[in-house]
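A quick write-up on the structure given underneath.
The values are calculated or read from the model by the stated rules, or taken from the named source; none is laboratory data. Here the structure is a predicted model, which is why all the values come from computation and not from measurement. Please note: Cβ atoms are built from the backbone with ideal geometry, for glycine as well, and neighbour counts cover all protein chains shown. These accessible areas exclude ligands, DNA and RNA; they are computed on the full protein's heavy atoms, side chains included. Shrake-Rupley method; radii C 1.70, N 1.55, O 1.52, S 1.80 Å.
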Amino acid sequence: MQWHAEYAWSGDGIAADVLIEAEGDRFTAVTPGVPAPPGAPRLKGLTLPGLANAHSHAFHRALRGRAQSAAPGTRGDFWTWRERMYQVADRLDPDSYRALATAVYAEMALAGVSCVGEFHYLHHRPGGAPYDDPNAMGEALIAAAADAGIRITLLDACYLTGGIGRPLQGPQLRFGDDGAAGWARRAGALHDRTGGTGHARVGAAIHSVRAVPRDQIRAVAEWAGERGAPLHVHLSEQPAENEACLEAYGTTPAGLLAEGGALGPRTVAVHATHLTPGDVSLLGSTTTGVCMCPTTERDLADGIGPARDLARAGSPISLGSDQHAVIDLFEEARAVELNERLRTRERGHWTAGELLAAATRHGHAGLGWPEAGRLEPGALADLVTVALDSVRTAGTDPALAAEAAVFAATAADVRTVVVSGREIVRDGRHLLVESVPSALHTAVTAVSPAAR
């Protein structure tokens, strides 16, 4: 297989006339400055490594445009939004979840995403009884990724309490297992069944310190460590979480995770919005990754996290679209810089190359695919080509094509996507899902509560 890229970014700048060659699912050669060989597809625009969406809750996509409504004069926050999310969670089953996730992952593919980290906690039937296959919902997500043509790391979440010292209630009963040991048995069966081959890998997640008690954290961390699997955790998304943790345990959520052996280079903390300077140092010194989800963090009025401080301290930064207010990794990338500008009233905190690395190399590494996210021989053959002649990007200086991609392009500018050597998007059209908008409409409508 061969492709000829007009321009390509490999991490070290922009090169022109790049011949990209692959055999099977791996790149074999990436050679700049050569004429196109006969028959090689021409990738017009800027070609990047495939993008990694490091934090997703696929079913939250059903809330887009529906959770924004409110009675005149009323306000809301993360906690009021969560009640709307629970309504959707209570309406899903394995079949409807597969249909919804397939459409969502196809939308991601159209946006240039080649791998998704699905933070999965919707495990059981309404009321909490397991399905005949206790991993039916996780299997539905793995199948959905295959249907959409992308890779997945299913981050199976341990979710045991409805808050520190509070039992699960209502829709939350679907999330729980019989303690960390029960979670480990179920997640272990899914991990063993998947086998780490093909398009899917299984990792672990501690939903949050609100949902996993102090004495259960280490068991989840050890499960991941024994398997060399990634471990993700929602961290300090809300000040109320920090306050409850301090009151109950006398330490911050980051401190509690460190005490339980849950920090380190295989761990990714999601959000990390409300950190103390000591938390930043702790995450950085353990090389714990941090996934920023700016479109969700602003949509839910969560706040602006200290991304630059975290990177400076030693934490690799990745990106996620989380609740999918939009699915656009270019928007997530530029928001990291633009948020920092709003916070400091200064420009120039991140280079375009650093932000593209967050969207590619760091994201894949945090999802347990270190062999992806790079345009180089031996890497998984994933690529995405972004148009440089759209109304957003026309007039781009080729030497500044990376800056145009980060600070001007959107998901609508993605033209070609190849995942593991297989073309899944051509000329902005998904090749496996006939009509992604129709699939989304049907799947979202089927599981959405009535508007109010």
Within the range 422-445, how many residues turn out to be open to solvent by 40 Å² or more (accessible area, probe 1.4 Å), outside any loop (DSSP other than H, G, I, E, B) and within 21 Å of D382 (Cα to Cα)? 4
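Out of curiosity, is H232 touching a strand residue (DSSP E or B) at 6+ places or on another chain (Cβ under 7 Å) and not in a helix (DSSP H, G or I)? Lay out the reasoning, then the answer.
Values: touching a strand residue (DSSP E or B) at 6+ places or on another chain (Cβ under 7 Å): yes; not in a helix (DSSP H, G or I): yes.
Yes, satisfied.
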Quickly run through the range 245-257 and pick out the residues that are open to solvent by 40 Å² or more (accessible area, probe 1.4 Å) and assigned to a helix (DSSP H, G or I). L246, E247, A248, Y249
Where the second residue is small (G, A, S) and open to solvent by 70 Å² or more (accessible area, probe 1.4 Å) and the first is within 13 Å of D382 (Cβ to Cβ) and modelled with pLDDT of 95 or more and lies in the range 14-28, which pairs have Cβ atoms under 7 Å and are six or more apart or on separate chains? none
Return yes or no: is L310 over 18 Å from the mean Cα position of the chain (by Cα) and crowded, with 24+ Cβ neighbours inside 10 Å? yes
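Condition test on A301, is it assigned to a loop (DSSP other than H, G, I, E, B), modelled with pLDDT under 95 and either under 26 Å from L355 (Cβ atoms) or of a type in the set (A, V, I, L, M, F, W, C) (or both)? Steps first, please.
Values: assigned to a loop (DSSP other than H, G, I, E, B): yes; modelled with pLDDT under 95: yes; either under 26 Å from L355 (Cβ atoms) or of a type in the set (A, V, I, L, M, F, W, C) (or both): yes.
Here the answer is yes, as A301 does meet what is asked.
What residue, among those in the range 143-176 that are on the phi > 0 side of the Ramachandran plot and not in a strand (DSSP E or B), is nearest to the chain's Cα centre (by Cα)?
Initially, the range 143-176 is screened for residues on the phi > 0 side of the Ramachandran plot, giving 149, 163, 165, 170.
If we keep only those that are not in a strand (DSSP E or B) too, we end up with 149, 165, 170.
On the way: G149: 16, G165: 29, G170: 27 Å.
The qualifying residue nearest to the chain's Cα centre (by Cα) is G149.
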Looking at (1) of a type in the set (A, V, I, L, M, F, W, C); (2) modelled with pLDDT of 95 or more; (3) open to solvent by less than 30 Å² (accessible area, probe 1.4 Å), find the lone condition where A365 falls short. (3)
I need every pair where a residue in the range 279-297 that is closer than 15 Å to A262 by Cα and touching a residue at least 40 places away in the same chain (Cβ under 8 Å) has its Cβ under 6 Å from the Cβ of a residue that is among the polar types (S, T, N, Q) and surrounded by fewer than 24 Cβ atoms within 10 Å (Cβ to Cβ), sequence separation at least 6 or different chains. D279/T252
Quickly run through the range 141-174 and pick out the residues that are open to solvent by 10 Å² or more (accessible area, probe 1.4 Å) and aliphatic (A, V, I, L, M). I142, A143, A146, L160, I164, L168, L173
Return only the number of the condition from (1) outside any loop (DSSP other than H, G, I, E, B); (2) in contact (Cβ under 8 Å) with a residue 24 or more places away in the chain that E226 does not satisfy. (2)
Give the range 1-38 a look and list any residue that's touching a His at 6+ places or on another chain (Cβ under 9 Å) and in a loop (DSSP other than H, G, I, E, B), or say none. V34, P35, A36, P37
Take G149 and tell me if it is touching a residue at least 12 places away in the same chain (Cβ under 8 Å) and over 18 Å from L367 (Cβ atoms). no
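In the range 188-195, is there at least one residue being among the small types (G, A, S), without any contact (Cβ under 8 Å) to a residue 60 or more places away in the chain and open to solvent by 30 Å² or more (accessible area, probe 1.4 Å)? Walk me through how you get there before you give the answer.
Keep residues of the range 188-195 that are among the small types (G, A, S), which gives 188-189, 195.
Filter once more, so that each one left must be without any contact (Cβ under 8 Å) to a residue 60 or more places away in the chain: 188-189, 195.
Filter once more, keeping what is open to solvent by 30 Å² or more (accessible area, probe 1.4 Å): 189, 195.
Looking for residues that are among the small types (G, A, S), without any contact (Cβ under 8 Å) to a residue 60 or more places away in the chain and open to solvent by 30 Å² or more (accessible area, probe 1.4 Å), one finds at least one in the range 188-195, hence yes.
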When restricted to V391, V418, the only residue within 26 Å of A8 (Cβ to Cβ), open to solvent by less than 10 Å² (accessible area, probe 1.4 Å) and either at pLDDT 95 or above or not hydrophobic (A, V, I, L, M, F, W, C) (or both) is V418
Can you find, within the range 31-44, the residue that is farthest from the chain's Cα centre (by Cα) among those that are open to solvent by less than 40 Å² (accessible area, probe 1.4 Å) and under 22 Å from A387 (Cβ atoms)? A40
Any residue at all in the range 319-333 that's farther than 29 Å from M85 by Cα and surrounded by fewer than 21 Cβ atoms within 10 Å (Cβ to Cβ)? no
Only one of R201, R125 is surrounded by fewer than 23 Cβ atoms within 10 Å (Cβ to Cβ), touching a helix residue (DSSP H, G or I) at 6+ places or on another chain (Cβ under 8 Å) and of a type in the set (K, R). Can you tell me which? R125
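Give the residues of the range 258-278 that are small (G, A, S), assigned to a loop (DSSP other than H, G, I, E, B) and farther than 9 Å from L235 by Cα, sorted by residue number.
Here is the first cut: in the range 258-278, the residues small (G, A, S) are 258, 260-262, 264, 269, 272, 278.
Still in the running and assigned to a loop (DSSP other than H, G, I, E, B): 260-262, 264, 272.
Scanning the range 258-278 gives G260, G261, A262, G264.
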In contact (Cβ under 8 Å) with a residue 40 or more places away in the chain, open to solvent by 30 Å² or more (accessible area, probe 1.4 Å) and touching a Leu at 6+ places or on another chain (Cβ under 6 Å) - does that describe any residue in the range 97-117? no
